[in-house]
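Structure record follows, encoded as C-alpha cells.
Read-outs: derived from the displayed coordinates by stated rules, not from any lab. It should be emphasised that the depicted structure is a prediction, and the values quoted were computed from it without experimental measurement. Positions of Cβ are backbone-derived with ideal geometry, glycine not excepted, and every protein chain shown enters the neighbour counts.
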Amino acid sequence: MRMKDVVLMATVSSFENMAQPGRHELKQFSELFEPVFKASRDEAKRNAIAAISRCATVPDQVAWFIATQPIALAAIFITTSPAISDEMLIQIARTQGPLHAKAVAARENLSVKVVDALVSLHTALEKHRGEDEVAPRDAETALIEEQGFAVTREEQLRQHLKALVHRDTLARDAETAESVDNTRTSLLIRFARLKEARSFSFTLADALGSSRWLSERIMLDLSGQQLGTALMALGLDEADGCFMLTQFYPHLKEMAGTESRAVTLWSGLDPERCDDRMRAWLRADDYAEGRKPEDEQAANANDAPALPQTAERPVFGRRRAVGAKR
C-alpha cells in the first residue's frame, strides 16, 4: 500500500473513531480529506468511502464531495450514509445524473420531500434509461482493467465457478437450492483456505447474485465486518465464517480475552440485521449496475422489463431456518 493510501485510511479511521466530533474536528477533517483522497488509488478510495458511510456525522463539504464522485465510488455512500440531509439528496438526484438519482431512490426510509423530488425526475430518468444500462458496466470494466484483469478472463472464471457449483448435481433431475448453497459454501472455504482472494470474490458474487464490484467492496472493508455480514446472511455457521474471516484478515486471529477477535466479531452480528443490510446492498448494486430490483420486477410482472433481470438471489435466512428444524 502506498504512503498516500495509508495517510487516507489513517485520516478516515481517526475520524470514524470519534463518537461525537466537534466543530474543530469536522473542519480539520474537511480540510484534510479531499487532497489525500484525490492522491490515493481507487482501492483505498473505495475502502475510505465504505468506512465514512457508517459515520453518523460527516461534514457537508465532504459528504457532497463523496456523493459527486463517479457512481462506482459514490453508490455505497449515497445509498447507506445516515449523514446526508434531505436537501443534499435532492440536490444529488437533480444534478448528478440518472445513476446517482437511482442510488438516492435505493435508500431506505426516504422522506416525503425526497420521494416527491424523485417522482418529478422520473420522466428524465426514463429518457436516459438507455445510457444507464451502459454506464455501470463501463465502471466495472474500468475497475477490472485497473487491477490487471481482462473482461474475458472475468467471464471465463465466472463460468468455471458456476460449472464447479453444478458439477455434483448434474446427475439429478432437479437440483435443490440447499445443494447449491452447500457447494458454494465448499468453494468459499476452499478459496479461503488457499487465500485466493480473486476466486473467493467471484464465488461470493455468484452466491449473492451480485456484481463483482459489490463483492470486492465487501472484502475491501479491512475490519471484516462487511464480509462477516455477508457470510452470516448466506447462512454460514460460526466455524466456517470465522475461518474465512481469519484467512483474509489476519488481525482477527488475535485473542481478545478468551476468544479470538473473529469470534467476537461474529458473536456481535445479528442475523436479521445482516439479512436486511445485505438486501439493501443488493438493491443499491442493482441500481448501480442498471438492473431492475426484484421488488420492482414483481410489481411490473405483466410489463416487458426495460432493464436486464437480476441474477438469481439467495433467500437470506433460509439455511438458518432449515438448520433450526433439524
**Message:** Charges on Cβ only, +1 for Lys and Arg, -1 for Asp and Glu, centred on the Cα centroid of the range 3-127; of VAL62, SER40, THR79, which one is farthest towards the dipole's positive end?
**Reply:** SER40
**Prompt:** Extension gain ARG193-ASP270, at 0.36 nm per residue separation less the Cα-Cα distance, in nm?
**Reply:** 25.2 nm
**Estimated FRET transfer efficiency when R0 is 35 angstrom, pair ALA56-ASN182 (beta carbons, to 0.05)** = 0.35
**Prompt:** Where does the Debye-calculated log10 I(q)/I(0) of the range 178-218 sit at q = 0.18, 0.27 Å⁻¹, using only Cα point scatterers of equal weight, no solvent?
**Reply:** -0.44, -0.88
**Cα-projected label distance for LYS27 with LYS4, points at 7 Å along beta-carbon direction, nm** = 2.8 nm
**Request:** Measure out, as a whole number of angstrom, how far apart the alpha-carbon centroids of the range 54-111 and the range 235-250 sit.
**Result:** 32 Å
